[in-house]
Every structure is written in structure tokens, then in C-alpha cells.
Amino acid sequence: MAAAEQPKLIVAADAEALARTAAERVMARIAANSGRIAICLTGGSSPKKLYQLLGTDAWRDKIPWDRVHWFIGDERFVPERDPLNNMAVARAIFLDRNAPAGHVHPIPTDVDNPDRGAEAYARELQDFYGAERLDPAQPLFDMVLMGAGPDGHTASLFPGYPEIEETKRWVVGVPRAHVAPFVPRVSLTLPVLASCREMLFEIAGHDKQPILTRLLNGETLPALRARSNGETVWLVDQAALAEGFRGGR
């Protein structure tokens, strides 16, 4: 796989158009792989419209559920059915009604602490991948979905935190979040998130305008440092763009 390239910026008219474009890109990645498929989901508010769309009849009937495995890029260290649990949200919206149980891979939060959860998830990822070291020619994921927090974090990799510099471990525990909710987290690391054919950021809404402006200005925040070894796409809506910005496909 080629070295990471600059992100491609795609501008959608609004949040609904953004979700449709994201769904189309997810389906394109699925269609490009005739074998076992791995999608890494994201939490927060950004992907909810996408998940709702994938759960509708028009979209779910196109997904080869028996071939797709669903992972998550980070998790809040709360019980698996807690409303704050990222995978719980995805499961409630579209996974539990469609995906085989063994194809949904949540980060364990019923262990002693986030570090134990990280170790367990790293083992699960390595078992799925079939190796303990990543091969640039063999991506772990077909697609990784991402978002950008108000402080520029992505997954649970926060600016200034040591976890952002981790290069050896696949998954790390994060003792305390930099933004609300202030609960411990478990997060995949940048090299593992990079092991994908496509990394797709969804950034929507007027409240994301300040952080998107900082990212577009090149401020070295975690969301800017997160790049796929393949294709990196920033999918944003007009509301998130600063007035006067010109960009797009």
C-alpha cells in the first residue's frame, strides 16, 4: 500500500447529503472486496445519520452481512449497554437487527480497567488479522470511520496525551478523557487506524466550524495526524466550513 497521502476534501450540502455520501463510500468499499470485509466504526454524534441510513431497507439489503465484520475505533469505559457506549449505539441503530452476532466486535469494558480492555481487543484484532505485526501490503480494515472532536481529538487520541505517540501497541487505555464525557477510554492507535484502504472522516454542523478551520489551517492535532496508508477522505458539510471557504470534490 502506498504511503499516506493528503486528505481528499468532499463537501456535502447538509448532514443528510453527507450521510448519503458516506453510505455510498461504505458500499463502494464493500463491493471492492469479494472476501471477508472489516469496517471500523466510530462513536460520537457524527455517524448516527449514517448508521440510521444503513439500517433502512434500501441500504441494508445491499450489505452482504455474512461477509462483513464490524469493529470500533474507540470506546468509553462504561458497561456495554450504557447509553454512553459507542458500540451500543451502533448496535441499537442498525447492527443487532442485521449483523450476525459473531461479526460484531465490541471493545470489552467488563474487565478490571481500560488497559485490560485494550490488551483484550488487541488480541482480538491480531487473531482476526492473523499476525501480531501489521503488513503495509495487507490492510487490517477496508474502511475506518472517524470524527473530529472540538479539541481536535479523533478516536480517543487527545492532543497532548501520550497515547497519540504510541507506535508499538495496537490498542491503548486512556485514563481520562480530555472532553466530556470525562470517563476512561480505550482507543486504537494511529498505526492501527492507518491500516486501512480508506479512512473516512465525517465532520458536520456549525459547531464543528472552529475545529475544522483549525484543521484546514494545518494545526497539528490528532485528527490531522490520523491518515490512512491508503486513501484519507474528509467528508464535511457546508455548515462546518468557515464562510468564504472554497473547496470540494
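Couple of notes before you dig in:
- Remark: the range 67-75, residue by residue, has Karplus-estimated 3J(HN,Hα) of 10, 9, 10, 10, 10, 9, x, 7, 8 Hz, where x stands for each Gly or Pro and the curve is 6.51 cos²θ - 1.76 cosθ + 1.60 at θ = phi - 60°.
- Local net charge near Ala31, Cβ-Cβ under 13 Å (Lys/Arg +1, Asp/Glu -1): +2
- Formal net charge of residues neighbouring Pro139 (Cβ-Cβ distance under 14 Å; K, R +1; D, E -1): +1
- In plain terms, if you count all Cα to Cα distances in the range 165-249 and split them into 5 Å steps from zero, the share in each step is 3, 12, 18, 21, 21, 15, 7, 3, 0 percent.
- Normalised by the number of residues in the chain, the mean separation of alpha-carbon contacts (under 8 Å, six or more apart) gives a relative contact order of 28 percent.
- Amide H within-cut-off set for Met146, under 5 Å, with H built and near neighbours excluded: Leu200, Phe201, Glu202
- Antiparallel bridges, percent of DSSP beta bridges restricted to the range 94-249 (to nearest 5): 35 percent
- For the range 201-247, Kirkwood radius (reciprocal of mean inverse C-alpha pair distance, Å): 11.2 Å
- Per residue, the solvent-accessible area of the chain (1.4 Å probe, heavy atoms of protein chains only, all protein chains present) comes to 44 Å².
- Label point distance in nm, Asp135-Asp96, each placed 7 Å from Cα along Cα→Cβ: 3.8 nm
- Residue-span extension gain [Glu243 to Glu80] - 0.36 nm each, minus C-alpha spacing: 54.7 nm
- Three principal axis extents describe the C-alpha atoms of the range 43-137; from largest down they are 38, 34, 23 Å.
- Order by protection proxy (mean Cβ within 10 Å, highest first), peptides 64-76, 191-203, 108-120: 191-203, 64-76, 108-120
- Relative contact order for the range 53-92, counting Cα pairs under 8 Å that sit 6 or more residues apart, in percent: 22 percent
- Full-stretch length increase - Phe182, Arg123 - with 0.36 nm per residue and alpha-carbon distance subtracted: 18.6 nm
- Short-range pairs are left out: with C-alpha atoms under 8 Å and at least six residues apart, the relative contact order of the range 41-119 is 34 percent.
- In the chain, the portion of solvent-accessible area held by carbon and sulfur atoms comes to 49 percent [1.4 Å probe, whole percent, DNA, RNA and ligands not counted].
- Annotation: extensible slack from Arg225 through Ala58 equals 56.6 nm (criterion: 0.36 nm per residue apart, minus Cα-Cα distance).
The values are calculated or read from the model by the stated rules, or taken from the named source; none is laboratory data. What you see is a predicted model, and the numbers here were worked out from it, not measured in a lab. Heads up, the Cβs are rebuilt from the backbone with ideal geometry, glycines too, and the neighbour counts pull from every protein chain shown. Ligands, DNA and RNA are stripped out before the accessible areas are found, and what is left, the full protein with its side chains, is counted by its heavy atoms. Shrake-Rupley method; radii C 1.70, N 1.55, O 1.52, S 1.80 Å.
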